[in-house]
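Participant: Take this structure first; my questions come after.
The values are calculated or read from the model by the stated rules, or taken from the named source; none is laboratory data. The structure presented is a predicted model; accordingly, all values stated were derived computationally and were not measured. Reconstructed Cβ throughout: ideal geometry from the backbone, glycine too, with neighbour counts over all protein chains shown. Surface accessibility is based on the protein's heavy atoms, side chains included, excluding ligands, DNA and RNA. Shrake-Rupley method; radii C 1.70, N 1.55, O 1.52, S 1.80 Å.
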Amino acid sequence: ESLDKGLEKTKSTFLSKLGKAVVGKSKVDDDVLDSLEEILVSSDVGVDTTLRIIDRIEARVSKDKYVGTGELNRILREEIAGLLSETNFGNEVEYSIPKDKKPYVIMVVGVNGVGKTTTIGKLAYQFKKQGLKVVLGAADTFRAAAIEQLQVWAERVDVPIVKQRMGSDPASVAFDTLSSAVNQNADVVIIDTAGRLHNKVNLMNELTKVKRVMQKVVPDTPHEVLLVLDGSTGQNAFEQAKQFTKATEVTALAVTKLDGTAKGGVVIGISDQFKIPVRYIGVGEGMEDLQVFNKIEFVDSFFS
Ligand code: GDP
């Protein structure tokens, strides 16, 4: 239900356009396919992924001759779901962090303004609600505001935070955070990092150093590198995904601000292009407005 709320705009735009495209049609002809292509592109699914979806539908409808509106919806739903299951898209069952890795270390990356701090706060809240002990690390030391904002979230959620002065070495903050988490026997560590894309080599060096230093405390960390993208920026989010995946090994995505945008299709396209699972979606500014992403629910929500 809250998924429907979060994706309301994308869904209503998509469905109303789809309805118009197929009204009075009994066949999936070139007109319908053209409209469908336009609808998917305008939902920010991205051109490449849209074409893959259209190809699948074309291959399928050439077999079936006459197709009613309800039938077309069903085919579309099946083909999008089929495509997504090939792309590592999201979870099919409720996701929870692995229990055999303690502390489970999540390094969060993304450019300023995408909702990184908010996502970390919401995640801390979710984990805490599950009874897990969480420690936050303020390794985005480039901006004083980033440290302060994370502090505000730590207080709101009531979890400990490890921080140093602005301008201090992010790797040193990460080291302190992991050491503190180990001492406290924490279950989850969430480390905020700076995401300055204007210098890719610097970004890469910084993230590599942070990782190397983390591994001195807990081997094989971070367990997750979570890239936060602002879904309402559509194609910009694609571009950021491209830059970050070049700079470091991103293992999961959080796509924020899907409430209030009709560009929700961006999560399909990004997952398809980068083969990185979408783990979470942000659907509001509040503490509760983060959802573990479930691909089946997602596709179903578009067609129900
Ligand atoms: P950061 O610079 O990446 O750390 O971004 P912030 O976490 O400070 O978020 C920037 C703005 O986006 C804030 O006003 C947040 O409240 C807002 N925001 C973050 N996530 C969401 C979301 O899922 N939905 C909406 N509507 N706003 C969000």
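Participant: Along Cα→Cβ, 7 Å out, is where each label goes; now give me the distance between the ones at Ala59 and Ser42 in nm to one decimal.
Facilitator: Distance between label points: 2.8 nm.
Participant: Let me ask something additional. Per residue, how much accessible surface does the chain expose to a 1.4 Å probe? Answer in Å², no decimals.
Facilitator: That works out to 43 Å² per residue.
Participant: Dividing the alpha-carbon Rg of segment 156-304 by 2.2 N^0.38 Å yields what?
Facilitator: 1.13
Participant: Let me ask you something else. Roughly how compact is segment 1-50, stated as its Cα Rg over 2.2 N^0.38 Å to two decimals?
Facilitator: 1.25
Participant: Could I ask something else about it? Leaving ligands, DNA and RNA out of it, report the carbon-plus-sulfur percent of the accessible area of the chain at a 1.4 Å probe. Walk me through the intermediate numbers first.
Facilitator: Details: 6420 of 13220 Å².
With neighbouring chains kept in place, the figure for the chain is 49 percent.
Participant: With a 1.4 Å probe and all protein chains in place, put Glu206, Glu86 in order of accessible area, largest first.
Facilitator: Sorted by accessible area, descending: Glu86, Glu206.
Participant: What accessible surface, in Å², does a 1.4 Å probe find on Phe142, ignoring ligands, DNA and RNA and rounding to the nearest 10?
Facilitator: Rounded to the nearest 10, the figure is 110 Å².
Participant: Also, quick follow-up: Kindly flag which residue pairs out of Lys99/Lys242; Lys101/Lys275; Lys209/Lys263; Lys11/Lys101; Lys20/Lys275 have an alpha-carbon separation exceeding 27 Å in this structure.
Facilitator: Where the Cα-Cα span goes over 27 Å, the pairs concerned are Lys99/Lys242; Lys209/Lys263; Lys11/Lys101; Lys20/Lys275.
Participant: Which order do peptides 34-47, 11-24 fall in by mean Cβ count within 10 Å, highest first?
Facilitator: Taking the mean over residues of other Cβ atoms within 10 Å, the ranking is 34-47, 11-24.
Participant: Continuing with this model, one more query. Taking the chain as a Gaussian network, Cα atoms linked when under 10 Å apart, which of Val201, Val157, Val135 shows the biggest mean-square fluctuation?
Facilitator: Per the Cα network of the chain with a 10 Å cutoff, Val201 tops the list.
Participant: While we're here: Enter the angle in degrees (range 0 to 90, nearest 10) between the Cα long axis of helix 235-247 and the first principal axis of the Cα atoms of the chain, meaning the one along which they spread out most.
Facilitator: For helix 235-247, the angle is close to 50 degrees.
Participant: Run down the aspartates and glutamates and flag those whose C-alpha is under 14 Å from the C-alpha of Lys216, throwing out any fewer than 8 positions away in its chain.
Facilitator: Asp176
Participant: Separation of segment 281-301 and segment 12-35 by C-alpha centroid, Å?
Facilitator: Here the two parts' Cα centres lie 27 Å apart.
Participant: Using bins 10 angstrom wide from zero, how does P(r) for the chain break down, in % of all Cα pairs?
Facilitator: 6, 28, 31, 19, 10, 5, 1
Participant: Rounded to whole Å and sorted largest first, list the principal axis extents of the Cα atoms in segment 258-304.
Facilitator: Principal-axis extents of the Cα atoms in segment 258-304, largest first: 30, 25, 18 Å.
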